[in-house]
Amino acid sequence: MVNGIKDYEFQNDCVDFLIDKTAEYQSKQVITVKAPTGAGKTVILIKYIDEYLKNTDGKTAFVWLCPGKGNLEEQSKDSMDNLTPHRDTRNLMYSMLSGFEGGSVTFINWELVTKKGNTALKDSERANLFEKIAEAHKEGIEFIVIIDEEHMNNTKKADDVISAFAAKHIIRVSATATKVDHHEFYEIPEEAVIEAGLITRAIYVNEGVDERKEVKNDYDYLLDLADGKRKKIINDYNMLGLPIRPLVLIQFPVGQPETIKAVEEKLADMGYTYENEMVNIWMSDSKFISDDLTEMDGSPAFLLMKQAISTGWDCPRAKILVKLREGGSEEFQIQTIGRIRRMPERKHYGLAPLDYCYIYTLDTQYKAGLLSSMDKAYQVRRLFLKDEAKDFRLVKEMRNLDFDGMGERETLAKVYKYFKEKYNLGSDKQVNRENLEAGGYNFSHEIDSKILQGVFRTTDEMAENASKHKISVKTTVNTHTHGIYLLHSVDEIKRVTGIQSQKVKNILRRMFSKGKKTKYKFVALDNNDFYAFIINNVKQLKVDFKSVTAQIGGVQLSLALEPKTIDFAIPEMEIYKYSEVKKQMLFRLNAYKDYTNEFCTDKTRSLPERLFERYCEANSNVEWFYKNGDTGQQYLSVVYTDALLKQWLFYPDYIVHMKDGSNWIIETKGGEQAGHSKNIDVQVGNKFNAFKAYAEKYNLNWGFVRDSNEELYINNTEYVDDMSDESWRNIEDVL
């Protein structure tokens, strides 16, 4: 019996659903529950376990997996001990000693079984985890695995642990889950949790932000707004005679020392310090927590934190979230709102300031949640290689790390030439500025942002409307404060081009900033305007820099430095994604046993890949075909260089072994539809040339394959995008 808690109809409905599905013989193995923050998922799961064990034969062991951050497994175990003291609850170490027994509930911290260097999976005098699971299976124990905050542990190690239990059912619980066909699915409506008074009536984003007012300093502006709202809420609590002191969470995405220091200085100017315990900090490398932090009338008014405590931490007086930017265009993770949505007394008060929660952020992008691969429309299955493909060998190329592309001067010359030709730039800086503006570049003196503002009843409503309720905000450039923004923008360009950050920064300064060197100068911006230009235009700069690298390389890699090579063999075991189909059909010619059309659906393969696999399966000349991986040391790779002689790897999609002993290496690309190209790979020309050189060197048949009107065409001569060109031939005439 569950002790002393209030019953809510929406919780009992969820418990009934779980009982029905885990008792039903034909229900699907995985049961996904979408439970909004504040719905009481821990209570729901405890009620479910108690009810299940009460009505079954006692041969089921429950395993409750919790994220490691915040000691959530200890909190969940303590909750179950309080609510159902008659149940056998234990931690992993206890079950490692005594075994997994029927009727037991083992709470496991994910980090114990997935973190590098853990002790739970090491062989020792005690049987390891997998052996204990095997012993339980021999004794007829069935497992039900509960995965709490399931989006937090989407790793291979996590999958291995889950698979080892061979559970009768896996119950995944998350605030960010989505419905997929191969899971049973239950969603607790957020509206029901609101109506029960457990969470706030609405979320107010950026109340009081005035788009007519120029922001001088991000941190000062947002913290002043948040503190004003905090004081208003205190007054309303006092008016009702409630000893509740609202808490402001200040979230840093990364926690750069300089941004933390700037915020600490601002708070100190406002009268809030660590010394008077009005400020607490909770980060991996710094922690100062008052004993009364989570008490309703706790002394801290502000808590500095990172993303780390978005799960496994409960402080119902937390009412306001200030999310600071440490780069120019970070995402706001909507699930972090859960930290400020709980009502402190599990009821509404009839006053908007108390019944709402508040977010202050200048973020421009919003993300609904961290969705694991198990949320998506496919599953995974292990397949094993057929004997006839086990002896197959090819030469695999790898990057030669002794060579790192062009020097800075040559790179600058390439980038300069590209901008000059694309935007028709010359020696007149005013004309250059006008031409760049006409091409989409922004020369504002301030940092321009479009931020969210409005009242949203649910997190789904907020996610769906994030692009519609935007206001414009201008922030005065401060080269000290915004130095991190600039570095963030430079790093974004580095990520898409591979050019070192310092090189990128130097090239941008040579072309767009004032300086003694006038060669390569398009416009001469002062330092503040240069910061604004780079931060405001990072998206366009990424496009242009990437286009520079995508130009067909003028020098073949072989003339610069040979790639390194090793032998490639097809992996003897592969994990492929699959999705359910109405009628299962075996692909007899795939290199792996038991490969079916489940692996060749629109959820797992692109259209040209699906067409090509079906073409191979129907081709009487094919002995077997193999789908290569997209990345990883175990797969076939070919080195190509971009226009800046930077080395990259690409992974051809297919190896086809013919009955006459010849081999084809095939790369599929998006084809044409209604005369328009579907290819989105800007490096396609450089890859084509490298692939051609590789095939000639090792005497292989090869080709790029694209689709048009569901027909396949192959090209292995000269790359052109237009598929009406004679270089694109019908695949049936070639392979």
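Brief remarks on what is shown
- Net +/- balance of residues flanking residue 19 in space, Cβ distance below 13 Å, scoring K and R +1, D and E -1: -4
- Accessible surface computed residue by residue for the chain, with neighbouring protein chains in place and a 1.4 Å probe, gives 45 Å² per residue.
- In the chain, the DSSP beta bridges split such that about 45 percent are antiparallel, to the nearest 5.
- Extents of the range 468-520, largest first, come to 43, 27, 21 Å (Cα atoms, principal axes, whole angstrom).
- Between the beta carbons of residue 734 and residue 562, assuming R0 = 30 Å, the FRET efficiency works out to 0.50 to the nearest 0.05.
- Contact order relative to length of the range 615-682, as percent, for alpha carbon pairs under 8 angstrom and 6 or more apart: 25 percent
- Whole-Å distance, taken between Cα centres, linking the range 497-551 and the range 55-100: 56 Å
- Leading residue at positive end of dipole, the chain (Cβ point charges), from 305, 23, 137: 305
- Label-point separation, residue 220 to residue 401 (7 Å along Cα→Cβ), nm: 4.7 nm
- Beyond 21 Å in Cα-Cα separation lie the following of the pairs 417/503; 414/542; 213/505; 396/577: 213/505; 396/577.
- If R0 is 25 Å, the Cβ-Cβ spacing of residue 424 and residue 552 corresponds to a FRET efficiency of close to 0.70.
- Residue 409 versus residue 78: modelled label distance in nm, points set 7 Å from Cα along the beta carbon direction: 6.6 nm
- Residue-averaged [θ]222 nm for the chain, counting only DSSP H segments that reach four residues, each worth -39500 (n - 2.57): -9500 deg cm²/dmol
- Straightening the chain between residue 465 and residue 131 buys 115.2 nm, computed as 0.36 nm per residue apart minus the Cα-Cα spacing.
- Gain on full stretching of the segment that runs from residue 717 to residue 384 - 0.36 nm per residue minus C-alpha separation: 116.3 nm
- Carbon plus sulfur fraction of accessible area for the chain, probe 1.4 Å, in percent: 47 percent
- Counting only protein heavy atoms and using a 1.4 Å probe, the accessible area of residue 386 comes to about 40 Å².
- Working note: Cα gyration tensor of the chain, eigenvalues times five, square-rooted, sorted largest first, giving semi-axes of 47, 41, 22 Å.
- Under 13 Å, Cβ to Cβ, from residue 664 - net charge with Lys/Arg +1 and Asp/Glu -1: -3
- Placing +1 on the Cβ of every Lys and Arg and -1 on the Cβ of every Asp and Glu, with nothing else charged, gives the range 555-702 a dipole about its Cα centre of roughly 240 debye.
- Of 482, 348, 676, 469, the residue with the largest accessible area leads and the full order is 676, 469, 348, 482 (1.4 Å probe).
- Surface/4 estimate of mean projected area, convex hull on alpha-carbon atoms of the range 613-665, nm²: 4.7 nm²
- Prolate/oblate/rounded label for the range 600-710 (Cα gyration tensor, a/c 1.5): oblate
- Residues whose amide H comes within less than 5 Å of that of residue 619, counting only those at least five positions distant or on another chain, are absent (H built at 1.01 Å from N in the peptide plane).
- Efficiency of FRET between residue 273 and residue 701 - r from beta-carbon atoms, R0 60 angstrom, step 0.05: 0.25
- The stretch between residue 623 and residue 9 holds 215.0 nm of extra length on full extension. This uses 0.36 nm per residue minus the Cα-Cα distance.
The values are calculated or read from the model by the stated rules, or taken from the named source; none is laboratory data. In this text the structure is predicted, and so the values were computed from the model without any measurement. Here the Cβ is made from the backbone with ideal geometry for all residues, glycine too, and neighbour counts use every protein chain on show. These area figures cover heavy atoms from the full protein model, side chains too; ligands, DNA and RNA do not enter into them. Shrake-Rupley method; radii C 1.70, N 1.55, O 1.52, S 1.80 Å.
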